[in-house]
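Here's the structure, in structure tokens; my notes come after.
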Amino acid sequence: MNLIFRSVLFSVIVAAISLTSIAPYLVEFTRAASAAAELFRLIDRKSIINPLDESGERPPCIVGDLSISKVTFSYPMRPGAIIFLDNFSLRIPAGEVAALVGESGSGKSTIIGLIERWYNPLSGSVILDGRPIDQLNLNWLRNNIRLVQQEPVLFSGTIYQNTCNGLVGTPVSRFKRCYEILHLTGLDHSNAP
């Protein structure tokens, strides 16, 4: 009986020591479990903008007429904070050159994000050649719209080389068309700055 009592007492002491050594970390375990649950919720969330979705129109050619009509937008993580895009409209006719200029945080990148459909507007529409971009195949849209930003540190080559960098992943025929356009403007790789 004495031996059983000692074994039970020893087991209780070992268990108590183990629990007291774990106790300070219980709060961290709870926080980690909560963070993991939130992460898995985000991973399992079905995105409205699915880049792997094969549905949507794939027009055979693009004219390039772009219209942003009465767009209101706020970032998904800040749904109540409407940035400057409140009933915003812009039209860029095909073949025209446009520049978005403004202070940092004024919405220039957000407009590009809406055109490339990284985000959906809360209201209003973005229309390319008479078609709302949410009806176009997303992969097709992103393969046919390119942005070459003015970053001299990132792109130190010629205008031709920098434009071709923006066309990576598109068919080779695009490079020929790119060269033809730049050659017509006098900005081909032989005399570009």
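The values are calculated or read from the model by the stated rules, or taken from the named source; none is laboratory data. Quick caveat: nothing in here was measured; it's all calculated off a predicted structure. Please note: Cβ atoms are built from the backbone with ideal geometry, for glycine as well, and neighbour counts cover all protein chains shown. The accessibility values were calculated without ligands, DNA or RNA, using every heavy atom of the protein model including side chains. Shrake-Rupley method; radii C 1.70, N 1.55, O 1.52, S 1.80 Å.
How much FRET efficiency would the formula 1/(1 + (r/R0)^6) give for ASN50 and LEU184, where r is the Cβ-Cβ distance and R0 is 45 Å, rounded to 0.05? Calculated value: 0.75.
Return one whole number: the accessible area per residue of segment 1-147 in Å², for a 1.4 Å probe. Don't skip to the end; give the middle numbers.
On the way: 10550 Å² over 147 residues.
Ligands and nucleic acids excluded, the result is 72 Å² per residue.
Here the 3J(HN,Hα) profile of segment 109-122, calculated from phi with Karplus coefficients 6.51, -1.76 and 1.60 at θ = phi - 60°, is 5, 5, 4, 4, x, 6, 5, 7, 6, 7, 9, 10, x, 5 Hz, Gly and Pro shown as x.
Taking 45 Å as R0, compute the FRET efficiency from the Cβ-Cβ separation of GLU57 and VAL27 and round it to 0.05. My answer for the efficiency is 0.30. Close amide H contacts of LEU136 (hydrogens built in the peptide plane, cut-off under 5 Å, sequence separation of 5 or more or a different chain): GLU57. Taking 7 Å steps out from each Cα toward its Cβ at PHE10 and ASN120 produces label points 6.7 nm apart.
Given charges of +1 on the Cβ of Lys and Arg and -1 on the Cβ of Asp and Glu, with all other atoms neutral, how large is the dipole of segment 18-115 about its Cα centre, in debye to the nearest 20?
Details: 9 positive and 10 negative charges, 41 e Å.
Once rounded to the nearest 20, the dipole reads 200 debye.
When peptides 107-116, 45-54, 86-95, 122-131 are sorted by average Cβ neighbour count within 10 Å, with the highest value leading, the order is 107-116, 122-131, 86-95, 45-54.
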